[in-house]
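The values are calculated or read from the model by the stated rules, or taken from the named source; none is laboratory data. Keep in mind that this is a model prediction, so the values were computed, not measured. As a convention, Cβ positions derive from the backbone with ideal geometry for all residues, glycine included, and neighbour counts pool all protein chains shown. In case anyone asks, the SASA skips ligands and DNA or RNA and just uses the protein heavy atoms, side chains included. Shrake-Rupley method; radii C 1.70, N 1.55, O 1.52, S 1.80 Å.
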Amino acid sequence: KIYYDADANVSCIKGKKIVFLGFGNQGAAQAQNIRDSGIPNEDILIANREDAYAEDARQRGFTVTDDFESAAKVADVLFLLIPDQVQPRVFNERFVPTLKEGCTIVVASGYNVFYKLLNIHPTSNVVMVAPRMIGSSVRSLYEKGKGFPCFVSCEQDATGNALEIALAISYAIGATKAGAIESSVREETAMDLFAEQALWPNIIVLFQQAFSVLKDAGCSDEALCYEMWMSKEPAEIFERAAEEGFISQLKHHSTVSQYGQLSGSLRLDGSALRKHFEDILHNQVLNGKFCKEFSKIEEDLEKKGDENPLEQLYKKAEASELGQAEARVRSRLQSSS
Ligand code: NDP
């Protein structure tokens, strides 16, 4: 089902206290959109630690508090818009003990609800309103009077009108203008983590192997970097795929290219890849294995330098043949400009 503006009854969140935990990418965009949709400024409260994000919210005219326990007491609607990995700690320790009965908890990603990492009380509603866009686009599309793709779902309905509230929120942030797609935390998490752990890693390896084979055949680093991504051709292909169609965008390519791409893809046997994809989806994502692994390194992500596991992974990727070649090409380009 796809919900549009006409499906939303925004009066069901009028006069309610709306608390945003976090004023980052999504928080700043969604809070401003909601205010511009007619929710009075005095009904919106930003809960943020005292720092640059809090200052930014204040500069934009919002009321800000770092007293999360008191914010929990008054919240009729609570948006959890801080990074997924810190949500359980902050929500469970600082909101749950004083959370108002009947509060609607809004997540913008399915992760913490699907893996049951939030201590949700039976008297709370839980809804997902998950834009498929970065925060700056959520804001700029709203300002242009356009909508943006978004997933919406009702995960726990304690008050009997949780879906109505989810749709009102979707309307107020500007999502139902383009059509908010009915989904679930399971579907959102499965697709998100599958893309991150199966699709994109394969694309990274695909580019690394293609780079290596062509380099061994005598192609230069410069020519390869430009041919493969620095010309922005892949970005253009994906843009046309979104606008015109995944297959029909091929018609913009030369006849040699169209024939090569269509016949080449039909010659490939995808069955090994399919097995590998199924393995990741079922034995890493849906069974919670990745979530357990990630929970173990979560606190180390705040460490600096080599002790940070993400930094270690970046170092390995940058040390690859493709990473090294690109660094050489980019430094040569900078020195000649
Ligand atoms: P950000 O990384 O932009 O979050 C920054 C905000 O979180 C700031 O207000 C920051 O304030 C606060 N924050 C960070 N650490 C802590 C902490 N330990 N305690 C309290 N507050 C903290 O988050 P996003 O907007 O990227 O993501 C928010 C949600 O939206 C997530 O669920 C994400 O999956 C989802 N989402 C994100 C998208 C995106 O494009 N980024 C797209 C769609 C959904 P401070 O550090 O000052 O405390």
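For (1) modelled with pLDDT under 95; (2) open to solvent by less than 40 Å² (accessible area, probe 1.4 Å); (3) in contact with a helix residue (DSSP H, G or I) (Cβ under 8 Å, 6 or more places away or on another chain), each residue gets a yes or a no:
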residue	(1), (2), (3)
LEU167	no, yes, yes
ARG186	no, no, yes
MET191	no, no, no
ASN202	no, no, yes
PHE207	no, no, yes
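What number of residues within segment 5-41 are within 21 Å of GLY145 (Cα to Cα), more than 10 Å from the ligand (Cβ to nearest atom) and in contact with a helix residue (DSSP H, G or I) (Cβ under 9 Å, 6 or more places away or on another chain)? Can you show your working first?
First, the residues of segment 5-41 that are within 21 Å of GLY145 (Cα to Cα): 5-11, 25-41.
Then keep just the ones that are more than 10 Å from the ligand (Cβ to nearest atom); that gives 5-11, 31-41.
Applying the additional criterion that residues be in contact with a helix residue (DSSP H, G or I) (Cβ under 9 Å, 6 or more places away or on another chain) yields 5, 7-11, 31-39, 41.
Here the count works out to 16.
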remark   = Residue hits (segment 163-203; touching an Asp or Glu at 6+ places or on another chain (Cβ under 8 Å) and either without any contact (Cβ under 8 Å) to a residue 60 or more places away in the chain or of a type in the set (D, E, K, R) (or both)) are LEU163, LYS177
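So, TYR142, is that one open to solvent by 60 Å² or more (accessible area, probe 1.4 Å) and of a type in the set (Ser, Thr, Tyr) or not?
Working: open to solvent by 60 Å² or more (accessible area, probe 1.4 Å): no; of a type in the set (Ser, Thr, Tyr): yes.
No; evaluated as a whole, the condition is false for this residue.
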remark   = Picked from segment 42-55 (must be in contact (Cβ under 8 Å) with a residue 24 or more places away in the chain and more than 9 Å from the ligand (Cβ to nearest atom)), the residue farthest from the chain's Cα centre (by Cα) is ASP43
key: Leading residue by the ranking (nearest to LEU80 (Cα to Cα)) among those in segment 103-123 that are away from the ligand (no atom under 13 Å from the Cβ) and touching a helix residue (DSSP H, G or I) at 6+ places or on another chain (Cβ under 9 Å)   = THR104
query = Does segment 69-102 hold any residues that are under 22 Å from ALA28 (Cβ atoms), surrounded by 21 or more Cβ atoms within 10 Å (Cβ to Cβ) and more than 8 Å from the ligand (Cβ to nearest atom), and which are they?
reply = ALA71, ALA72, ALA75, VAL77, LEU78, PHE79, PHE91, PHE95
inquiry  = Restricting to segment 209-248, name every residue that is open to solvent by less than 60 Å² (accessible area, probe 1.4 Å) and among the β-branched types (Val, Ile, Thr).
reply    = ILE237
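Of the residues GLY147, GLY110, which is surrounded by 15 or more Cβ atoms within 10 Å (Cβ to Cβ) and over 29 Å from ASP300 (Cα atoms)? Quick ask: steps written out before the conclusion?
Working: GLY110 fails: over 29 Å from ASP300 (Cα atoms).
Only one candidate passes the filter, namely GLY147.
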task = Please go through segment 280-327 and pick out each residue that is touching a residue at least 40 places away in the same chain (Cβ under 8 Å) and either open to solvent by 100 Å² or more (accessible area, probe 1.4 Å) or not in a helix (DSSP H, G or I) (or both).
result = GLY288, SER320
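Which residue is nearest to the chain's Cα centre (by Cα), if the candidates are limited to segment 126-143 and must be away from the ligand (no atom under 11 Å from the Cβ) and closer than 26 Å to SER295 by Cβ? Write out each step before concluding.
Our first condition is that a residue be away from the ligand (no atom under 11 Å from the Cβ); within segment 126-143, this holds for 126-127, 139-143.
If we keep only those that are closer than 26 Å to SER295 by Cβ as well, we get 126-127.
Details: VAL126: 18, VAL127: 16 Å.
Across segment 126-143, the extreme among qualifying residues is VAL127.
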